[in-house]
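Engineer: To start, I am sharing the structure in question, which I have written as structure tokens.
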Amino acid sequence: MNLLRNYLESLQNLRVRAGLTVTDLKNLLKIVLQDITIVLLPTATITTYSLYVGIIELSTAMMLLSISSFIALITPHLKYVFVIRSRNRVLEREFIYFIISESITYSRSTELVNDLCVLDGWEGVFSTLVNEGLRLRIYRKFLTTIEAINFYIRYTSSSLISRLLSDYVLAYSKGIINAWFTHTSSELLRRLRSEVTALMKLRTTVVLIMGVVVSYLPMLMFSLSIITGGGELNTVLVVVPVLMILSMFILPSNTQHLRMYNKSTLVGKLVTASSYVLISLTAISTYLSLGNTNYLIKAAATVSLFNGILNIVELYNTVCEVHELPKVLYMYAETPHILVNPLNALKDVLSSCKSKSLRELGKKLSLSNVREGVSILKSWLGRYVYYVIIKSLTTGSLGKEQLLNLRVLTLDMLEDFKQYLVSVLPLIMMSLLMPFFMVSMASLANVNISNYIFYIYVIVVTYSLYVDYTLFNTFNSTLITGITLLILSISWCY
């Protein structure tokens, strides 16, 4: 009984560290049993069946059941540990940006914990940090600020956040908050700059290496199979999806300020679904050799290209928004009546922007409804700049120096955005040339291309979808896939 109690208490502790709330024992037992069943039931079924048909012996079956039972028992812990690790990465990055924003908007009334507790409405900027603010708000109802921070540190798994909050408590007790914000923000900016630079280099390297491997290796195996008449073509169909999935797993995720938010309309969702349905039907038709599949490839290419155009328009609007942010900050800092009526001054600056989202934000700009303004902007960087400006307006710390400091920070982030887009260009070129190379190889080998069109189609589509994912960071767009399929249909006819 004590063992079960300790097991459940450890899970409750992990739930709190994962950002969840403590639940009652009945509900917790239900969750644990579900997790254990998901792991244990398939293994037990396969082991029992194998024992029944005589594939394995009883001793082996008992050993497998013992191992699977142990794995099933630790599965709930592993699940929460994984959530904690994933959540800490996001939380640390948001906390760093939050402290930097606090330094930019610093005034005599600035108080870190209080600002954390009033982040309601800014979920689009600090999605994870908002929940931490709600937790600290509850603690502050019963404890002092320092006691609330110390109590919060006991249940956080992030060493960075614990250190920063401990340093803040020390600075708060000594009355040197201003110096702490200045020193800490400078340190975090250097840390953030070095981490982002290293991450961008790593992402670019991984994108290029995996892009070359995923494109070159299947084409090489295909070419050798055609020339030698070997049977490696079925191996290609296995290697290509495995390489694509592997490359997606090892591809580093984008940094916080490179996030983009594109809302999918009903029409966009239908077009995306139609693209994948046609791509799948074309694959089945080429495999079964059902008549002239070139028309199906052209149909899939047309719908996929239309879906890609819808998404590239959204990407273009996002790029315009990010590109105009430094200009907006500079114009706003130089506006003559910024100190007289800063809100109207910001509306005037936004109304002259080329970006559609920024112009719309200028029309709906309001200090009482910030959530609507956040939802209009398409980039995290734009939302973060919006948050800093609104925070400066509400605290009365808005000034030319603060805006220019924010502009310098935005320019650095804009360079990362450009590097992210440039790193994908080699993959796009390889994707567009792949159909031509494979069709040309089949023609040079003097074989009937119709016999190999299924293999060519699978390789081309798989790689194109990988490039689309790398460029748009989502599977909703099929721009490169549509163009590649169009090139394939033209090359095949030729």
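Engineer: Look through the range 20-35, keep the residues that are open to solvent by less than 100 Å² (accessible area, probe 1.4 Å), part of a helix (DSSP H, G or I) and among the hydrophobic types (A, V, I, L, M, F, W, C), and return whichever of them is farthest from Leu8 (Cα to Cα).
Structural biologist: Ile31
Engineer: If I ask for residues that are open to solvent by 10 Å² or more (accessible area, probe 1.4 Å), touching a Leu at 6+ places or on another chain (Cβ under 8 Å), at pLDDT 80 or above and outside any helix (DSSP H, G or I), which ones from the range 441-494 would you list?
Structural biologist: Within the range 441-494, just Phe475 meets the criteria.
Engineer: Within the range 190-225, track down each residue that is closer than 22 Å to Phe249 by Cα, open to solvent by 20 Å² or more (accessible area, probe 1.4 Å) and of a type in the set (Lys, Arg).
Structural biologist: Matches in the range 190-225: Lys201 only.
Engineer: Within the range 429-440, count every residue that is open to solvent by less than 40 Å² (accessible area, probe 1.4 Å) and among the aliphatic types (A, V, I, L, M).
Structural biologist: Final tally of qualifying residues: 3.
Engineer: Which count do you get for residues in the range 95-111 that are assigned to a loop (DSSP other than H, G, I, E, B) and open to solvent by less than 10 Å² (accessible area, probe 1.4 Å)?
Structural biologist: So the answer is 1.
Engineer: Take Val328 and tell me if it is in contact with a Phe, Trp or Tyr (Cβ under 6 Å, 6 or more places away or on another chain), buried (at least 17 other Cβ atoms within 10 Å of the Cβ) and not polar (S, T, N, Q).
Structural biologist: no
Engineer: When you scan the range 112-128, how many residues do you find that are part of a loop (DSSP other than H, G, I, E, B) and either among the aromatic types (Phe, Trp, Tyr) or free of Cβ contacts under 8 Å to residues at least 24 places away in the same chain (or both)?
Structural biologist: Qualifying residue count, the range 112-128: 5.
Engineer: Would you say Ser194 is hydroxyl-bearing (Ser, Thr, Tyr) and in a helix (DSSP H, G or I)?
Structural biologist: So Ser194 passes the test.
Engineer: Further, regarding this structure: So the check is Cβ under 6 Å with 6+ separation or different chains; which pairs have a first residue in the range 252-269 that's within 18 Å of Ile312 (Cβ to Cβ) and a second one that's open to solvent by 20 Å² or more (accessible area, probe 1.4 Å) and not aliphatic (A, V, I, L, M)?
Structural biologist: Tyr261/Lys378; Asn262/Glu314
Engineer: Sticking with this structure for a sec: Any idea which residue in the range 79-109 is nearest to Ile389 (Cα to Cα), counting only those that are modelled with pLDDT under 80 and over 22 Å from the mean Cα position of the chain (by Cα)?
Structural biologist: Applying the filter and picking the extreme gives Ser107.
Engineer: Can you name every residue in the range 275-294 that is among the hydroxyl-bearing types (Ser, Thr, Tyr), open to solvent by 50 Å² or more (accessible area, probe 1.4 Å) and closer than 20 Å to Thr474 by Cα?
Structural biologist: Those that are among the hydroxyl-bearing types (Ser, Thr, Tyr), open to solvent by 50 Å² or more (accessible area, probe 1.4 Å) and closer than 20 Å to Thr474 by Cα: Tyr276, Ser280.
Engineer: Hey, another quick one. Does Tyr168 count as crowded, with 19+ Cβ neighbours inside 10 Å and out of contact with any strand residue (DSSP E or B) (no Cβ under 9 Å at 6 or more places or on another chain)?
Structural biologist: yes
Engineer: Taking Ser68 and the conditions (1) of a type in the set (Ser, Thr, Tyr); (2) modelled with pLDDT of 75 or more; (3) touching a Leu at 6+ places or on another chain (Cβ under 7 Å), which numbered condition does it fall short on, given that it satisfies the others?
Structural biologist: Status for Ser68: all satisfied but (2).
Engineer: Let me ask something else about it. Name the residues in the range 295-309 that are open to solvent by 10 Å² or more (accessible area, probe 1.4 Å) and touching a residue at least 60 places away in the same chain (Cβ under 8 Å), would you?
Structural biologist: Lys298, Thr302, Val303, Leu305, Phe306, Ile309 - these are the residues of the range 295-309 that are open to solvent by 10 Å² or more (accessible area, probe 1.4 Å) and touching a residue at least 60 places away in the same chain (Cβ under 8 Å).
Engineer: So for the range 408-428 (the condition being farther than 27 Å from Ser253 by Cβ, open to solvent by 60 Å² or more (accessible area, probe 1.4 Å) and not aromatic (Phe, Trp, Tyr)), does at least one residue qualify?
Structural biologist: Within the range 408-428 (the criterion being farther than 27 Å from Ser253 by Cβ, open to solvent by 60 Å² or more (accessible area, probe 1.4 Å) and not aromatic (Phe, Trp, Tyr)), the answer is no, since none of the residues qualifies.
Engineer: Return the total of residues in the range 327-369 being in contact (Cβ under 8 Å) with a residue 40 or more places away in the chain, under 15 Å from Tyr387 (Cα atoms) and of a type in the set (Gly, Ala, Ser).
Structural biologist: 0
The values are calculated or read from the model by the stated rules, or taken from the named source; none is laboratory data. Because the structure is predicted, anything quoted here is derived from the model rather than measured. Cβ coordinates were reconstructed from backbone atoms using ideal geometry, including for glycine residues, and neighbour counts include every protein chain displayed. These accessible areas exclude ligands, DNA and RNA; they are computed on the full protein's heavy atoms, side chains included. Shrake-Rupley method; radii C 1.70, N 1.55, O 1.52, S 1.80 Å.
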